[in-house]
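Report on the following structure.
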Amino acid sequence: MSLERSAEILGQGLRGLRRNKLRSFLTMLGMIFGVGSVITMLSVGAGARAEILARIGELGVTNLILNSIKPPEETKPADQEEWIARYGLTFDDAEYIRAVVPTVSDLLRVNRVTERAWYGSRRIESSVMGVEPRHLSMFGLTVGRGRTFNTIDDRTRSKVCLVRPGFVRQLETVVDPLGQFISIGGYPFEIIGILEDAQFRSHTAKALNLDGAAQEIYVPYSTSMSTLGTLTTIQRAGSFEASKVELDQIVVSVRTPEEVFDTARMLSAALAHKHEKKDYEIVVPLELLQQSEATQRTFNLVMILIASISLLVGGIGIANIMLATITERTREIGVRRALGARRRDISVQFLTETTSIAVVGGLIGCLAGLAGIQGIARYTAWKAIVEPHYVLVALGISCAVGILFGIYPARRAAQMNPITALRHE
Amino acid sequence: MSDVVLELAGLTKEFGLGENVLRILHGLDLVIRRGEFVGIVGASGSGKTTLLNLLGCLDRPTGGRYCLAGRDVAQLDDDELARERNRSIGFVFQSFQLIPQLDVLENVELPLFYDGSPRKERRPRCEELLASVGMTHRLHSYPTQLSGGECQRVAIARALVNRPALLLADEPTGNLDSKNGAEVMQLFDRLHADGRTIVMVTHNPEIAASLPRIVEMQDGRIVRDTPGTARPRPGTATLQRGPGTAGLQPGSGSGGLQPAGDARREAREEVGARLEPGGPGATLERGAPGLEPGGPS
């Protein structure tokens, strides 16, 4: 069949849609919703995936994070009034890991302090983290105003701190917060820098064992050890409970992602050797990454299923309307056959019509989906990524649906006896 | 005999299977030559519709031979029949059968489309034909916007567009008022004058009587094959009655005389004055006793 003739047949098919605009549109609705949801889900899925990858990537795929956790059996015995729970990672652990795990290229210690910060006479909600200077760059904590602290601050145990903009807002002060002093555990700390309000990512926070309030104060590790110590006290209804955790977190770096899982096994073995109780956890961002990719695959599968169902419904709608149309146009089919149309010509005619409906519906669905994505991007925090090939995939699918669900009606039309078709009332 | 357009030999058609076989056509023999204008008449149930379907290649006979333009079409498959319908036959229906969603020009183009001719070549041919039936002013109208007479003129143009060997008309005036009917009949007369071969099924005795040759059917058999009374239709400018048709023998495929173009034109001139009192089959006598040939010999 020549190109010109194909184009003419296609033109006739498209003209068929205009014949009964409302019906064509209603028939298309199934495809519009189906394709629209395919495009939207693909884009939102890709956005979610990219964001998760970015979040986990931020933790560093070559990092392993060890967190101290309170073992469940570690509760205060009823007969004692004062009691200090000791658990978690120790200084010794850090040294031991450095000594026995050969793949470790770097090791950073983190001390979390639960002392409250005071500004003048007001208490400011915050959590204080004692971190080594390299920690800041490793986790992408950049200073917006002021300066960061360096190894000299760490060595000299200078009482300086970095705060978040959210913390600054809580200060409710009109003076420049830089150079102001806040009191943590009775010690005055000078605010030397304000961190950029990097989008606070819950995933990161969870893995780093932070609370989500974006209220951390970062102080040099050595300073935190010498001034604030490792003892945490919680006062509760008259009694008081304390816990002593030497290291709240150890961040271990390796050189290549390939070493991550071996290192994790070695760390696990080393720590199991040192700890009787499971008072620590090993978080492997690479593992999280792979898990989330697996989750993503499942999610994608579910999306494909849902999209297939809506496309199936759309296709059935098209087939249904085409069957009705064929009954309605029986005489036309008879006339065409009398004028010399072969069965194949009739098949092609109706297949072209169903495919036109499906593809035009698919196109409208694409536009609706893109509009929906814009809306989602504007009114929700979700990120959506539209790749050009989604549109091609969606149109390909609608074309396939049109042909697939056109086959039966087209066959029915082609198999009609021209004599009875001509006499059809 | 290259001028034989259509030849039936022992054509039968049965419907049903086994015990319930219903024989509609009982062995028809018929020869129609180029340029003839044949009317087929008969009561309903006489088998003329079935015959028309067979002649139109819409159906296959159960037995016998059907040669159309020298080709035996009785054994053709579905696609080949479609091709015959497309190239050798032009249909004119009682209810016009124009496709409502196509305009006049597109309706006329349809047979050419199915013949695979490119769009550019279709247009001039269709416009020319529509001009010849006086429809130039409505090329882009839709059938619903046309009167019945106009519809039938468009349908005739459509039937002619592929230069068919045979024009089959099924009660072409049945849905028209007398004025439009007369116009359409004039058109057929003109086509006949141009040398086209026309087979027309009609119930209308007046029209039937005016045709040059009448084939009467009864109970699935051809009971009479006679020339019509050569009465001029009122208002017909160019009437033609071939004298040769008078010599046709009922049920015979060999006795017909084909009027040559010149003879026909001469005949047309004398036709107004000539009434043939002694001519065979001067009036149409349905079911006249003793005249049934009892099928073809």
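The values are calculated or read from the model by the stated rules, or taken from the named source; none is laboratory data. None of the values given here were measured: they were computed from a predicted structure. Neighbour counts are summed over all protein chains in view; Cβ atoms, including those assigned to glycine, are modelled from backbone coordinates with ideal geometry. Each accessible area value is taken on the protein alone, full model and side chains, heavy atoms only, with ligands, DNA and RNA left out. Shrake-Rupley method; radii C 1.70, N 1.55, O 1.52, S 1.80 Å.
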Please state the relative contact order of the stretch B:1-122 as a whole percent: Cα pairs under 8 Å, 6+ residues apart?
24 percent
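Assigning unit charges at the beta carbon (Lys, Arg +1; Asp, Glu -1) and nothing else, what dipole magnitude in debye, to the nearest 20, does chain A show about its Cα centre?
Rounded to the nearest 20 debye, it is 2800 debye.
Give the ranking of A:ILE407, A:ILE52 by solvent-accessible surface, highest area first, calculated with a 1.4 Å probe.
Details: A:ILE407 75, A:ILE52 45 Å².
So the residues, ranked largest to smallest area, are A:ILE407, A:ILE52.
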Quick one: angle between helix A:3-19 and the longest Cα principal axis of chain A, in degrees between 0 and 90, rounded to 10, please.
80 degrees
Helix axis angle, A:91-100 relative to chain A longest principal axis, alpha carbon, degrees
60 degrees
Before anything else, pin down the relative contact order of the stretch B:57-192: Cα pairs under 8 Å, at least 6 apart, normalised by residue count, whole percent.
32 percent
Which whole-percent values make up P(r) of chain A when all C-alpha to C-alpha distances are grouped in 20 Å steps starting at zero?
21, 34, 21, 17, 7, 0
Straight-line reach check, A:LYS274, cutoff 29 Å on alpha carbons, 8 or more apart in-chain or any other chain, hits among lysines -> A:LYS70, A:LYS76, A:LYS206, A:LYS244
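Under a Cβ-only charge scheme (Lys and Arg +1, Asp and Glu -1), can you give me the dipole magnitude of the stretch B:1-57 about the Cα centre, in debye to the nearest 20? Could you put the intermediate results ahead of the total?
Details: 5 positive and 6 negative charges, 26 e Å.
Here the stretch B:1-57 has a charge dipole of around 120 debye.
Mind ranking A:VAL359, B:VAL73 by accessible surface for me, highest first, 1.4 Å probe? Intermediate values should be presented prior to the final figure.
Values: A:VAL359 40, B:VAL73 5 Å².
These residues rank, largest area first, as A:VAL359, B:VAL73.
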Please work out the Cα center distance from the stretch A:302-329 to the stretch B:65-121, rounded to the nearest Å.
34 Å
State the answer as a single residue: which of A:LEU370, A:TYR87, A:THR173 lies farthest towards the positive end of the charge dipole of chain A, with beta carbon charges of +1 for Lys and Arg and -1 for Asp and Glu, about the Cα centre.
A:LEU370
Provide a whole-number value for the mean count of partner chain Cβ atoms within 10 Å of the Cβ atoms in peptide B:152-159.
1
Treating the beta-carbon of each Lys and Arg as +1 and of each Asp and Glu as -1, no other charges, what is the dipole magnitude of the stretch A:280-336 about its Cα centre, to the nearest 20 debye?
560 debye
Note, ³J(HN,Hα) from phi for the stretch A:246-260, Karplus 6.51, -1.76, 1.60, rounded to Hz, x at Gly and Pro
5, 10, 6, 7, 10, 9, 10, 10, 10, 7, 10, x, 5, 7, 4
DSSP-loop GluC sites (Glu not before Pro) across the stretch A:252-292, with at most 10 other Cβ within 10 angstrom
A:GLU276
Residues meeting the amide H criterion for B:GLY64 (H placed from the backbone, H to H distance under 5 Å, 5 or more places apart or on another chain) are B:THR12
Among the residues of the stretch A:334-355, which ones have their accessible area go down by 10 Å² or more when all the protein chains sit together, as opposed to their chain alone (1.4 Å probe)?
A:VAL335, A:ARG336, A:ARG337, A:ALA338, A:LEU339, A:GLY340, A:ALA341, A:ARG342, A:ARG343, A:ASP345
